[in-house]
Structures are given as structure tokens and as C-alpha cells.
Amino acid sequence: MSDHYFNDVPLDHTDPRNPQRITLYTRRVIGVGKPPDLPWLLFLQGGPGYPAPRPEGGRCGWLRRATDEFQVLLLDQRGTGLSTPLNSQTMAAEFFPTPEDQASYLAHFRADSIVRDCEWLRRRMLGEHVKWTVLGQSFGGFCLATYLSIAPQGLQAAIFTGGLPPLTVANPDDVYRRTFRKVVEHNKAYYARFPQDVERVRELVDYLDGHQVMLPNGSRLTSRRFRQAGLHFGLGALDRVHFMLETAFVTLPGSALPAGSTLPS
């Protein structure tokens, strides 16, 4: 493995007059005993907002498989990881005094800018006429679809895994209508499998609506926020939500109340 930092990447690839520059970080991974001239595979991480995965011994099965045939480039997309970050410190008012200033800066961290970063890296590292294969995971697949739209000439192949954006709908409302139907289907499936959780969820929602329950980060756990646990339904993880609810309530030492009577606050 080798680390590569590029400190002269344009913030705005579409405006050569803009002098602002950002840093991109990449990690090159070559399999043990493999030649250094294997074809390239660029991995685009899901998110948005997550850096590329860090290789951990024995845990990155796809990476082991990929390095049989490719030298792999793991990119911390702009705004993440060791690339120029986006966080509360870098977006503070001392640097961006108004919300408009913040929004103008954030507009340079969308999928189109990430794709142009990839093309900038390809030309810098491989040369103008050498193509690479790109593997897009989740949001990385959204970026890859953008890649196919604005810079297909840089691609040898495009591999999607769990991240194909809507391509045949007229507007986002169509997507939300279908999503709402899926939400209802998943909830029905959950309560059919765990009917005992109907009352537990009602009790939990009532408690959260009537009490201040704080999370470790200092923010409040509201009933609306709790319902975001339904995200696991889309992953097929109904059991995960059920087992989480098993420990939602706590019986305090010495209490005469039955198990599951109070929430920690």
C-alpha cells in the first residue's frame, strides 16, 4: 500500500479563474506478489460523507478479490477523510460568515465535482489516454452514473453495487410515492413477524413525546428520530430493530415496576 496526497486540485473544475485549491487523498493497494502494472480499479465509497474504507487484515473480502486482477485506488472523496474535510470546524462562521457563503462552498462537493476529481486524478496518475475501471458502492454508484454522463471517455468499465439512481422517473415525487408504499410494506412485514412489538413501539413513542431523553452527543431522542430506525428495514434487518427494542426500557435497581417500565433519561 502507498499513500498519495494531491494538494493542487481545483475547488471548481469548471472555472479555471478560481484560484482555490483542495487536497485529495488516495491509497493505492496492490496485492502481495502482484506486478505493479496491473490495470486500475478506482473505488467510490458510499455515503455521501464517508471516506474510503481502510484495509483491515482479513476483513475486506472484495478488496482481496479485486487485487487479484487490479491495482486498487481508494479515494477519500472531497470533504471526507484525509482529503479537504467538511465539518463544523472548516465550515465555521469565521470562514463563511453567512449561510449563502456556506451554500456556495458546499455546491462544490456534489457528485459532479467528485467525478471531475476522478478525471483529474486519472490524467495525473495514469495519463490522458489510459482508462480505468470504477466500482461504485451506494452513493458511489450515484457518482458513477454521473461519471458515465459527463466523462465516459475515462472509463474502461463501470461496476455498480447497490447504488443505481432513478433513471426513468420524471421527478423526485415519483420516487417518494414508491418509497412510501415500500415503507408501509416493510412496516406490515415487521409487525407481522413481531406482533409483540406493536405495544412496545407505542409505549416508546408516547414516552419520548412526553419526556426529555438525551443521546450521548447531547441532542434529544425524539419519537420522530426514533422512527428513523426503520432504515434497517430497507436492509432486510428486521431482527436488528426487534432486538434493539428488547433493551429500550430499563428497570431501575430496587424499583417495584416491572421490566420495561422506564427509559433512561
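The values are calculated or read from the model by the stated rules, or taken from the named source; none is laboratory data. Everything numeric in this text was worked out from a predicted model, so none of it was measured. Every residue, glycine among them, receives a Cβ derived from its backbone with ideal geometry; neighbour counts consider all protein chains shown. The protein model used for the area step is the full one, side chains on, heavy atoms only, and it has no ligands, DNA or RNA in it. Shrake-Rupley method; radii C 1.70, N 1.55, O 1.52, S 1.80 Å.
Worth pointing out:
- Region 56-103 - residue that is open to solvent by 50 Å² or more (accessible area, probe 1.4 Å), assigned to a loop (DSSP other than H, G, I, E, B) and touching a Phe, Trp or Tyr at 6+ places or on another chain (Cβ under 7 Å) and, of those, farthest from Phe6 (Cα to Cα): Leu86
- Of all residues assigned to region 193-210, none qualifies as being aromatic (Phe, Trp, Tyr), part of a helix (DSSP H, G or I) and without any contact (Cβ under 8 Å) to a residue 24 or more places away in the chain.
- Filtered residue count, region 1-37, keeping only those that are open to solvent by 30 Å² or more (accessible area, probe 1.4 Å), closer than 22 Å to Gly136 by Cα, touching a strand residue (DSSP E or B) at 6+ places or on another chain (Cβ under 9 Å) and in a loop (DSSP other than H, G, I, E, B): 2
- Cβ-Cβ contacts under 9 Å between residues 6 or more apart (or on different chains), taken from a first residue in region 236-248 that is more than 17 Å from Val205 (Cβ to Cβ) to a second residue that is of a type in the set (Lys, Arg) and open to solvent by 30 Å² or more (accessible area, probe 1.4 Å), are listed as Leu238/Arg193; Asp239/Arg193.
- Of all the listed residues (Val134, Val213), the sole one being more than 30 Å from Trp62 (Cβ to Cβ) and touching a residue at least 40 places away in the same chain (Cβ under 8 Å) is Val213.
- From the list Gly61, Gly46, Gly81, the lone residue that is in contact with a strand residue (DSSP E or B) (Cβ under 8 Å, 6 or more places away or on another chain) and either on the phi > 0 side of the Ramachandran plot or free of Cβ contacts under 8 Å to residues at least 12 places away in the same chain (or both) is Gly81.
- Scanning region 181-233 for residues that are among the β-branched types (Val, Ile, Thr) and under 29 Å from the mean Cα position of the chain (by Cα) gives Val183, Val184, Val201, Val205, Val213, Thr222.
- Any hit, region 194-212, residues being touching a helix residue (DSSP H, G or I) at 6+ places or on another chain (Cβ under 6 Å) and farther than 19 Å from Glu246 by Cβ: yes
- If you go through region 75-101 and keep only what is among the polar types (S, T, N, Q) and closer than 30 Å to Val134 by Cβ, you end up with Gln77, Thr80, Ser83, Thr84, Asn87, Thr90.
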